[in-house]
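Below is one structure, written out as C-alpha cells, with a few remarks after it.
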Amino acid sequence: MKKFYITTPIYYVNANPHIGHAYTQIAVDAVARYHKMLGDDVFFLTGTDEHGEKIEEACIAAGFGKGKEREFVDSIVVNFKKAWDVLDIAYDRFIRTTDDEHKKVVQEFMACLADNGDIYLGQYDGWFCAPCETFWTDTQAENGVCPDCGRATGRIKEENYFFKMNKYQKWLTDYINDNPGFIMPEYRKNEVLGFLREDLTDLCISRPRDRMSWGVPLPFDEDYVVYVWFDALINYLTGCNYAGGGKDFSECWPANFQVIAKDILRHHAVYWPIMLKSAGLAMPQVVFAHGWWKMGDEKMSKSKGNIVDPLDLVNKYGVDPIRYFLLRAVKFGQDGVYSEDALVTMYNNDLANDMGNLLNRTLTMVDKYFDGIAPTAPARAADNVLAALSGAIEENAKSIPSDVDMYFKDLRLNMVLERVWQLVGMANKYIEKSAPWKYSKEGNSPAVKTIIADLLEVLRIVAIFVFPFMPRTSMEMWKQLGLSDDVSRVSLKKLNTWRGFPAGTRIAKGEPLFPRISSAL
Ligand code: MSP
C-alpha cells in the first residue's frame, strides 16, 4: 500500500524554534493524525538543516569556534526535539542533514544529476545572501539587497558548479499549468508562474571548500561542498529511504504533501521539481505554502529578535490551546499577526465557553436526570418543536465527516475547526431553545432523553474531529463521556455518524476542560 507521505521543512539550527516553526509542525501533525484516522499508512517526516554558512556563522557567534560545528548543532537540535515533544508532534522520523546516511544520499543524488549531464563548472559572479542561503542575480538583488529578507548580500566571484535549470524551464511551466493542484494555494501557484515568466538562470550549487567547508563534499570534486539548499531538499528522499532503494522508497515517494511557508516557495516549487525531473523521479503531489506569523508588520524571526517561544506559551496556557489558536486564528495560507490577547480571547470564547461548557452542561444533565447513564433516544421526538430542533442538529452532525474531509484535502485547516465549532454552537443553542429543564419539570422524560442523547452524540463527534488538532483534549472528552477504547483508534471509514453513542454508557464527569482566564498571563 502506498504510504501517505507528508513532510515539513527541515529547520535551520542557528537558533531555537519559535512559534513560526511550531505552526508548520502543528499543521502537519494535524493532517497526519487525520489521515491515520482515515486508515492511511502515514509517514510524517521532519528534521533539521545543519550545514552551510549561516550555521557556520552562528556556531562562531555562539562561541563554539570554527571546527566545532557538530557540537554546536547537537546543542540546538535537542531543543527542537524537546519543543516537538512538548507540542505533541507525532512525527515518524527526524532527519538531520549531518546524518551519515543523508550525506551518502546527497552524494549519490548529485552524482546522478552530473551523470545526466545537468551539472557543469563555471564562473559565479553574483550575490549571495547568507541568512537566506540564496544566490541572486544582479537583476534580482538590486543594489545587492536580498529581495527576500531585505538585508545586504555579499558579492561572490568564484569558480563553482552549476545546475542546468534553464534547460527545464519550459517543462516546469507546462507541468505547473497541467497540474493545477501541484502548488497550493492557487495564489502561490500564480506567484511561481510569475517567477517562471523571467528567464531562469542556471543555479550555482557548490561552495569552494576553502571558503565554506561545513557541508557535504561533491562526489565528483572534493574541493567543493554541496550548496546547502540542495543538501537540504534531498532530505525528503533520504527520509523515505532512498538509500535503501527498492520497496520502501517506492511505497513512500512521491510525497502527498510537502508543507512549507511562503519564504521557501521558490526553492520548493522551482529548484526541487527540476532536481527531481533531472534525476528521473516523480513530483510530489502537492507543495503547500502557508503564510507567516508576524509581529506587527514584520515576519517573526530570530534575526529580527521578535520571536515568541512556544514553550513559554505552553507553560502558561497548556499545549492544546496553543495548537488550537495557531490553526484556527488564521486562514491556512495567509499571514497572521500574533497577539497574546487574541489567544486569550479565543481560549475563553471557543474553548472555555463554547466547547468546555457544552461538555460540562451536558454531563451535569446526564448526572441530574439519568443518574450518570446515557439514555436511549426515543424513536420519535416528543413534539414538533423538539423534532425540528433534533432533526436540524442531526443533519448538521451528519455532514461533518464529508465537510471536514473536503477541507482537509485542501489543507483548509482553519475551516475544519470553524465547521466543528459551528456544530458546537448549534448544540449550545439547542440546549437554550429546547430547555430540557422545562420538559423535566413537566415529567416529559422522552423529550429529555432525546435532547441528552443528541447532545452526547454531538460531543462524541466533536471529540473525534477535534483529535487531530487537540489530541489531549479529545482524549479527556472521550474519558468524561465514558467512552471506551481510544479515540485515536476511531476509524473514520467506519464512522457511524448518528446514534453511535452507546446508550447505557456511564459517563465520568470531570473537571471543566478549560477554566476561564481573565487576561494574558
Ligand atoms: N532550512 C530551510 C528549509 C529547508 S527545507 C528543505 C529553512 N529553515 S528555517 O528554519 O528558516 O525554517 C523555515 C520554515 O519555518 C518556514 O518554511 C516555515 O515552515 C517555518 N517558519 C519560520 N518562521 C515562520 C513564521 N514567522 N511564520 C510561519 N512559519 C514560519 O528555511
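The values are calculated or read from the model by the stated rules, or taken from the named source; none is laboratory data. Since this is a predicted model, take the numbers as computed values, not measurements. Because the Cβ atoms are built from the backbone with ideal geometry, glycine has one as well, and the counts that use them run over all protein chains shown. Side chains are part of the model used for accessible areas, which takes the heavy atoms of the whole protein and leaves out ligands, DNA and RNA. Shrake-Rupley method; radii C 1.70, N 1.55, O 1.52, S 1.80 Å.
Quick notes on this structure:
- Sites excluded, GluC sites (Glu not before Pro) in DSSP loops with at most 11 other C-beta within 10 Å, longest stretch of the chain: 199-441
- Dividing the mean sequence gap of close Cα pairs (under 8 Å, 6+ apart) by how many residues region 326-430 holds gives a relative contact order of 45 percent.
- Taking every C-alpha pair closer than 8 Å and separated by at least 6 residues, the mean separation divided by the residue count of the chain gives a relative contact order of 16 percent.
- Across LYS36/LYS409; LYS277/LYS331; LYS2/LYS493, pairs whose alpha-carbon gap is larger than 24 Å: LYS277/LYS331
- Dipole of the chain, positive end: most advanced residue of GLN25, PRO502, MET275 [Cβ charges, Cα centre]: PRO502
- Considering only VAL344, ILE176, CYS252, and ranking their Cα positions along the charge dipole of the chain that arises from unit charges at the beta-carbon of Lys, Arg, Asp and Glu, the one farthest toward the positive end is VAL344.
- LEU193 accessible area, assembled protein chains, probe 1.4 Å, Å²: 20 Å²
- Between the listed residues SER491, VAL466, MET477, the Cα displaced farthest toward the positive end of the dipole of region 339-494, a dipole computed from Cβ unit charges relative to the Cα centre, is found at SER491.
- Helices of the chain meeting both criteria, an alpha-carbon length of 15 angstrom or more along the long axis and an average Kyte-Doolittle score not below 0.5, with helices taken as full DSSP H segments, are 445-466.
- Counted over the chain, the DSSP beta bridges are approximately 50% antiparallel.
- Cα-centred dipole magnitude for region 339-494, charges only on beta-carbon of K, R (+1) and D, E (-1), debye, nearest 20: 380 debye
- Expressed as a whole percent, the accessible surface of region 275-404 that belongs to carbon and sulfur atoms is 46, based on a 1.4 Å probe.
- Exposed loop positions in the chain were taken to be trypsin sites (Lys or Arg not before Pro) whose DSSP state is not H, G, I, E or B and which have at most 12 other beta-carbon atoms within 10 angstrom. Between these positions, the longest stretch is 212-379.
- Estimated dipole of region 215-281 in Debye, rounded to 20 [Cβ of Lys and Arg +1, of Asp and Glu -1, Cα centre]: 380 debye
- The charge dipole of the chain, taken about the Cα centre with unit charges on the Cβ atoms of Lys, Arg (+1) and Asp, Glu (-1), comes to about 1860 debye, rounded to the nearest 20.
- One Cα centroid belongs to region 268-305, the other to region 415-490; the line between them spans 39 Å.
- With every protein chain in place and a 1.4 angstrom probe, the accessible-area ranking of SER206, SER440, SER484, largest first, reads SER484, SER440, SER206.
- Heavy-atom surface of region 239-383, accessible at 1.4 Å and reported per residue (Å²): 37 Å²
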